[in-house]
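The values are calculated or read from the model by the stated rules, or taken from the named source; none is laboratory data. Quick caveat, the model's predicted, so the values are computed rather than measured. Positions of Cβ are backbone-derived with ideal geometry, glycine not excepted, and every protein chain shown enters the neighbour counts.
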């Protein structure tokens with residue numbers, strides 16, 4: 001299991017986590033950019049979990065904190081390009097999770113460590129809505145560089161929003177405590 | 001080469017040999033790490049029938065004196081987000097004298113304009129965007145359409161052993177229409 005401080009990344013289990021995936025999938029939130037805009041259901045998430053091991057370009061973790069009993073969100077690594085050694089990722093925590101900045105920071109440490117030190121990629125990209133000031137500050141603090149400002153890129157709650165894409169190269173990554 | 005007319009046509013199976021030739025021999029690296037064979041392209045073609053892959057794929061065909069002459073390029077509208085109403089454009093027009101994927105000539109520009117028209121006027125999208133690797137000199141053409149650079153993705157592609165950057169350029173429908181009126 002991957003962990004840093006009080007946060008853990010758990011592999012997704014059909015028995016334990018499908019209900020959490022459904023709950024998180026249907027929970028609106030600014031930082032939920034990757035997941036589908038449709039409502040999701042148990043069968044859909046079971047299908048996803050059953051085929052996770054067949055996909056080389058996609059990883060999914062359940063984030064738990066402060067103990068492994070409380071699930072606070074998900075981390076998806078997707079669009080893995082094994083030739084250019086790049087990937088995109090999305091850390092999503094429910095708005096009801098306590099202490100998002102601290103847990104978010106620890107989750108970012110785990111994510112960076114896994115991507116650069118475990119599976120050996122050279123670049124990580126993450127999208128954030130400009131209104132999500134907490135996550136923007138968190139990623140900047142972790143050394144991410146703002147690379148793109150994607151205009152009118154997300155239709156959310158009746159308005160087009162601007163998305164900022166952050167990029168982090170392997171040599172720029174360092175653990176933040 | 002001068003053609004009477006450039007048309008974007010729905011891709012047919014008979015376009016596959018031309019597509020294979022263009023993609024495998026293109027002068028600038030298109031970041032495709034595999035040589036493509038006919039089976040691979042046939043599979044891709046089959047999975048695109050009835051819009052199953054969600055993309056719109058076109059062959060760029062040239063005609064002279066009303067007769068079909070050759071397939072000179074390919075283009076697609078892909079990664080369509082129907083809720084946020086934007087898509088990525090893919091465009092490759094093969095010429096002997098200009099390695100850019102959108103060479104600065106009337107035929108290529110006319111085909112590119114047709115593709116953008118299709119995205120805005122037929123699919124009712126509100127934004128199109130295109131990726132420009134640093135080895136592909138098409139920024140001049142994009143500027144003439146009013147594309148705006150949204151930023152640079154560092155080291156996002158591998159080309160000839162080196163990581164290269166790509167610029168993402170986008171065009172909103174209102175920017176396109178304003179330019180059309182002028």
- Message: Here is a list: A:62, A:70. Which entry is over 16 Å from residue A:126 (Cβ atoms) and under 13 Å from the mean Cα position of the chain (by Cα)?
- Response: A:62
- Item | Hits in the range B:118-131 - residues which are closer than 22 Å to residue B:94 by Cβ and out of contact with any strand residue (DSSP E or B) (no Cβ under 6 Å at 6 or more places or on another chain) | B:118
- Query: Which condition does residue B:84 not pass, out of (1) part of a loop (DSSP other than H, G, I, E, B); (2) surrounded by fewer than 19 Cβ atoms within 10 Å (Cβ to Cβ), if it passes all the others?
  - Reply: (2)
- Report yes if residue B:73 is away from chain A (no Cβ under 13 Å), free of Cβ contacts under 8 Å to residues at least 60 places away in the same chain and in a strand (DSSP E or B), otherwise no. yes
- Message: Could you tell me how many of the residues in the range A:116-125 are more than 12 Å from every other protein chain (Cβ to nearest Cβ) and in contact with a strand residue (DSSP E or B) (Cβ under 9 Å, 6 or more places away or on another chain)?
- Response: 3
- Item | Subset tally (residues that are buried (at least 19 other Cβ atoms within 10 Å of the Cβ) and within 14 Å of chain A (Cβ to nearest Cβ)) for the range B:87-102 | 1
- Of all residues in the range A:97-130, how many are assigned to a helix (DSSP H, G or I) and either farther than 19 Å from residue A:80 by Cβ or in contact with a helix residue (DSSP H, G or I) (Cβ under 7 Å, 6 or more places away or on another chain) (or both)? 10
- Item | Which listed residue, of B:134, B:150, is touching a strand residue (DSSP E or B) at 6+ places or on another chain (Cβ under 9 Å), under 22 Å from residue B:77 (Cβ atoms) and either surrounded by fewer than 18 Cβ atoms within 10 Å (Cβ to Cβ) or within 11 Å of chain A (Cβ to nearest Cβ) (or both) | B:150
- Which listed residue, of A:112, A:104, is surrounded by 20 or more Cβ atoms within 10 Å (Cβ to Cβ), farther than 24 Å from residue B:84 by Cβ and either within 14 Å of chain B (Cβ to nearest Cβ) or touching a residue at least 40 places away in the same chain (Cβ under 8 Å) (or both): A:112
- Item | Residues satisfying the stated conditions in the range A:131-141, i.e. surrounded by fewer than 20 Cβ atoms within 10 Å (Cβ to Cβ) and either in contact with a helix residue (DSSP H, G or I) (Cβ under 7 Å, 6 or more places away or on another chain) or assigned to a helix (DSSP H, G or I) (or both) | A:133, A:134, A:136, A:137, A:140, A:141
- Task: Taking residue A:149 as meeting all but one of (1) at pLDDT 95 or above; (2) under 19 Å from residue B:87 (Cα atoms); (3) surrounded by 19 or more Cβ atoms within 10 Å (Cβ to Cβ), write down the number of the exception.
- Result: (3)
- Query: Filter the range A:142-177 for residues that are assigned to a loop (DSSP other than H, G, I, E, B) and under 16 Å from the mean Cα position of the chain (by Cα); which is nearest to the other protein chains (Cβ to nearest Cβ)?
  - Reply: A:144
- Query: Taking the range B:153-165, which residues are surrounded by fewer than 20 Cβ atoms within 10 Å (Cβ to Cβ) and either in a helix (DSSP H, G or I) or on the phi < 0 side of the Ramachandran plot (or both)?
  - Reply: B:154, B:158, B:159, B:162, B:163, B:164, B:165
